[in-house]
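Report on the structure given below.
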Amino acid sequence: MIGTAASRKHRCGLLLPALLLGFVPLRCATSPSDSDRVRTLMGRNDRLLLETQLAAADDVDAAGIRACLQEMAENLEQAGRFRPFAEEWKNREYPRAMASAVDRLRDVVATEWTPQNREDSYIALRAICSQCHSRLVEAAHE
Ligand code: HEC
């Protein structure tokens, strides 16, 4: 389990209500496929990426950033348990690619974001997403 009680207090505030209103009713209507489940988790990550960017603007909100990144890591871990691809070789590669993404994300979480390193940290974060997206996911969603 990642995240402590203290860090959870800093969870990205608007995110959960937005997701409950936006995603859940749509997704519950039919039984979702693995691909749907992964897409839902990734959609959250996309929002978390934006929240991270906002938290890194002006006065860097390091605690807010950490909370977003921890939630992102949990979403990725969860997404890694599904088999979202039609091609078998991709489903075989995917858990390993995800484990490596989560490892790299933990390094980014462990780094304190400052005005000096925020650009590099953000680039490192985006690279984690695109490593898988450029190799296994054809449509460039990012
Ligand atoms: C190890 C692989 C992997 C990593 C790492 C990864 N993704 Fe994804 N992503 C996927 C897969 C698989 C899909 C679903 C493709 C499909 O079924 O259409 C997806 C889909 C998406 C989508 C489309 C969601 C939709 O509604 O269709 C977005 C946006 C996205 N990812 C953002 C991100 C972001 C942001 C990160 C980094 C925090 C990230 N992804 C990291 C594999 C990955």
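What follows draws every value from the coordinates through simple rules; no lab data is involved. Note that the structure is a prediction, hence the values are computed from the model and not measured. Every residue, glycine among them, receives a Cβ derived from its backbone with ideal geometry; neighbour counts consider all protein chains shown.
So which GluC sites (Glu not before Pro) in the range 45-94 pass both tests, a DSSP loop state and at most 13 other Cβ atoms within 10 Å of the Cβ?
On the way: sites: 51, 71, 74, 77, 87, 88, 93; in loops: 87.
Passing sites in the range 45-94 are 87.
Shape summary of the range 50-128, radius of gyration then Dmax from alpha carbon positions: 14.2, 46 Å.
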